[in-house]
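> Can you keep this structure in mind? I'll have questions shortly.
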Amino acid sequence: MTPEPEWLGLVRAQDWDALSGRMLSYPPAERVALLEALKRIVPTTTEVNGTETQTRHRHPAELGTDLRAGAAKILLLGELEASVRGAPEDAGQNWQMLHVDVRSLMEALVGAPEVTKGAVSLSRRQHARDALDLLDEIERNSQAMILQLDDAEDRCWLTEVLADIAGLALRAGAMAQAAHGKVIECDAVRGAKVITAARQGAERTRQNNSASNRERLKRMEELVESGHSTARAAEIAYREGLGVSANANRKLWQRSRKK
């Protein structure tokens, strides 16, 4: 029988100090398993601002005297996760991944249905096309500058510098747009609340009407079976306080017969 790894016993004992001192010495596979175990142990919280949400693990200070605060500290410091992820990717790799992600999203939006009406030049599709053109321009200008250098090492250096700048600029643009759009989120949140309330109201009305309709139909059925015409049954039911009018009762009866 394979003995259990040391880290598992330390986790069970909640000996976070001992675990912090030894965790980086464990084999890679054990560090991966330990990281996943800690992520399951530490509770998460969801932060909301306008229409934006993000879920993260709670920080040690937020857990107070909770024994899981030690595990939260390990996650917050990030040493274990860094050892699992390995060396960080260089600027060139980061830019290429970001470039591919943004391009894929914009290409999808170019082919997606429009969500607003009005001038085509201000449509989502056109904004996506313009973004693709700008990404192409970044690549063209970067290559033009890189090819000006003769030394291979200098070209590698400039490639990294330009990739780092491009990635930072793209993220800055996204953050600026997010900040600028916060005022719109107020309307979006209010609109979502109105829609939710309307749906709930419609559902309550539907349920109430359903119960009322059943009562009206039941009474009319009794009257028809006792020999009254549909029109007369509708009139009697209305006079008994069922329905908004005799005509409405008659139409309800007719609709129920067609089902």
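> Those residues that are among the aromatic types (Phe, Trp, Tyr) and over 16 Å from GLN254 (Cβ atoms), I need them from region 227-242; list them, please.
Those that are among the aromatic types (Phe, Trp, Tyr) and over 16 Å from GLN254 (Cβ atoms): none in region 227-242.
> If you check every pair at least six apart or on different chains, which have Cβ atoms under 9 Å apart with a residue in region 65-94 that is modelled with pLDDT of 90 or more first and a residue that is of a type in the set (Val, Ile, Thr) and open to solvent by 50 Å² or more (accessible area, probe 1.4 Å) second?
Going by the 9 Å Cβ cut-off, the qualifying pairs are VAL84/VAL32.
> Restricting attention to region 126-159, report how many residues are surrounded by 16 or more Cβ atoms within 10 Å (Cβ to Cβ) and among the charged types (D, E, K, R).
The qualifying residues number 0.
> From the set of residues in region 113-158 that are β-branched (Val, Ile, Thr) and assigned to a helix (DSSP H, G or I), which is farthest from ALA91 (Cα to Cα)?
Taking the candidates together, the pick is VAL120.
> Would you please name the residue that is farthest from the chain's Cα centre (by Cα), looking only at residues in region 1-30 that are of a type in the set (Ser, Thr, Tyr) and loosely packed, with under 14 Cβ neighbours inside 10 Å?
This residue is THR2.
> Also, quick follow-up: Yes or no: GLU107 surrounded by fewer than 16 Cβ atoms within 10 Å (Cβ to Cβ) and in a loop (DSSP other than H, G, I, E, B)?
no
> While we're on this one: Just the residues that are part of a helix (DSSP H, G or I) and within 27 Å of the chain's Cα centre (by Cα), please, taken from region 81-98.
GLU81, ALA82, VAL84, ARG85, GLN93, ASN94, TRP95, GLN96, MET97, LEU98
> Let me ask you something else. Given the conditions (1) at pLDDT below 85; (2) more than 49 Å from the chain's Cα centre (by Cα), and given that ASN249 satisfies all but one, which numbered condition is not satisfied?
Every condition holds for ASN249 apart from (2).
The values are calculated or read from the model by the stated rules, or taken from the named source; none is laboratory data. Since the model is a prediction, treat every value here as computed from it, not as a measurement. Note that we place each Cβ from the backbone using ideal geometry, even for glycine, and neighbour counts take in every protein chain shown. All accessible areas refer to the heavy atoms of the entire protein, side chains included, with ligands and DNA or RNA removed. Shrake-Rupley method; radii C 1.70, N 1.55, O 1.52, S 1.80 Å.
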